[in-house]
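Shown next, in structure tokens, is the structure this report addresses.
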Amino acid sequence: MTTSEGEQGGGGAGAERTPGGGGAARAEERLEQAVRAAEQALIEFEIAVETFRVEVENFSRLHEQKLGPVYARLEELDARILEARAARSDDPEDRRRADEARAGLMPIPGVEALMNGWMDSDGLFPEATAMLTDQPVRPPQRVRPSEEARKLYRDLARKAHPDLAQEDKERARREEFITRVNAAYARGNEAELRELAEEWAAGPELKRVPSAGEELYARLEWLSRRKELLTLVARELEDSAIGSMLRLAPDDPDALLDEIAEQLRAQVTEREAELAALLA
């Protein structure tokens, strides 16, 4: 056998062994690609859930500020109607209903915080009374992130998300940073988000360490569990009263609140007429 034949033979043997090792490497590479794809998908899902959470929170605040006084007025009228009926009938059951309704309206410590600035232990604030009588009032605070703020938030979440960390120290750094990003986004602060983007861009560039096959499988399992938890959070948000209302008018929630307010004011007028008739 010549030298060239021996070299060719050696090359042939090596060629026969290569597919086994190369196949394992390719399998691990495909697994790592699957993990990276799952990470990005989870981040996008978290961005969507967090965006909806902010929208629900802001709409809830606006709902309470705009409709809270009207609901309070309706409850007061209902209690007074029951009391007037009990006074007329002198029926113990009517008196019990009236007492229960009145007890539900009794002031409690900390009610100002619960009513979000519309009522304290002495009753409705002037702004609430003015809203009920259609007088000019201080407009409720609106926090709706702009499209630019949304874009900045999404970019930051994709780059700095804690799920992309490979070490505990780096995860802690990212979690602290993302907490600040979430707070700025919840306030709709576009300028602050830009500053945070510059801060992150100036930070250390971390190298990703390839994971072993076992770690990649464990990572996929963790991502799956995380997605299940986020799915539950998203479902709770969507099924909540405020979330359901927001889905009815995602493009113009203010118009929905105005419509509800008009219906509630009509109910107030009906209750006032009913009470006046009972007291006549």
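So which residues in the stretch 153-170 are assigned to a helix (DSSP H, G or I) and in contact with a helix residue (DSSP H, G or I) (Cβ under 9 Å, 6 or more places away or on another chain), if there are any at all?
Selection gives 153, 154, 155, 156, 157, 158, 159, 160, 162, 163, 164, 170.
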**Report entry** the stretch 58-77 residues that are among the small types (Gly, Ala, Ser), paired with ones that are open to solvent by 20 Å² or more (accessible area, probe 1.4 Å) and part of a helix (DSSP H, G or I) (beta carbon under 7 Å, 6 or more apart)
**Finding:** 60/242
Report summary line: residue 56 passes all but one of the listed conditions (1) under 24 Å from residue 265 (Cβ atoms); (2) at pLDDT below 90; the exception is number (1)
Query raised in the report: From the list 248, 216, 223, 264, which residue is at pLDDT below 85, farther than 30 Å from residue 175 by Cα and not hydroxyl-bearing (Ser, Thr, Tyr)?
Result: 248
Query raised in the report: Is there a residue being part of a loop (DSSP other than H, G, I, E, B), exposed (fewer than 11 other Cβ atoms within 10 Å of the Cβ), of a type in the set (Lys, Arg) and in contact (Cβ under 8 Å) with a residue 12 or more places away in the chain anywhere in the stretch 180-189?
Result: no
Query - Every pair of residues 6+ apart whose Cβ atoms lie under 9 Å, when the first sits in the stretch 93-116 and is within 23 Å of residue 70 (Cβ to Cβ) and open to solvent by less than 90 Å² (accessible area, probe 1.4 Å) while the second is at pLDDT below 80 and among the aromatic types (Phe, Trp, Tyr) - result: 115/125
Report task. State whether the residues of the stretch 197-212 include one that is in contact with a Ser or Thr (Cβ under 8 Å, 6 or more places away or on another chain), modelled with pLDDT under 85 and not charged (D, E, K, R). Result -> no
**Report entry** Conditions (1) within 24 Å of residue 235 (Cβ to Cβ); (2) open to solvent by less than 30 Å² (accessible area, probe 1.4 Å); (3) modelled with pLDDT of 85 or more: number failed by residue 41
**Finding:** (2)
Query raised in the report: For the stretch 148-183, how many residues meet the condition of being closer than 21 Å to residue 59 by Cα and modelled with pLDDT under 85?
Result: 1
Report task. Search the stretch 214-245 for residues being of a type in the set (A, V, I, L, M, F, W, C), within 30 Å of residue 62 (Cα to Cα) and in contact (Cβ under 8 Å) with a residue 60 or more places away in the chain, and hand back the single one that is most open to solvent (accessible area, probe 1.4 Å). Result -> 233
Requested in this report: Select, from 48, 79, the only residue that is at pLDDT 85 or above, on the phi < 0 side of the Ramachandran plot and under 21 Å from the mean Cα position of the chain (by Cα).
Outcome: 48
Report summary line: Among 26, 36, the single one that is over 16 Å from the mean Cα position of the chain (by Cα), charged (D, E, K, R) and over 16 Å from residue 227 (Cα atoms) is 26
Report task. Return only the number of the condition from (1) open to solvent by less than 30 Å² (accessible area, probe 1.4 Å); (2) at pLDDT below 85 that residue 26 does not satisfy. Result -> (1)
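The values are calculated or read from the model by the stated rules, or taken from the named source; none is laboratory data. The structure presented is a predicted model; accordingly, all values stated were derived computationally and were not measured. All Cβ positions, even for glycine, are placed from backbone atoms using ideal geometry, and neighbour counts span all protein chains on display. The protein model used for the area step is the full one, side chains on, heavy atoms only, and it has no ligands, DNA or RNA in it. Shrake-Rupley method; radii C 1.70, N 1.55, O 1.52, S 1.80 Å.
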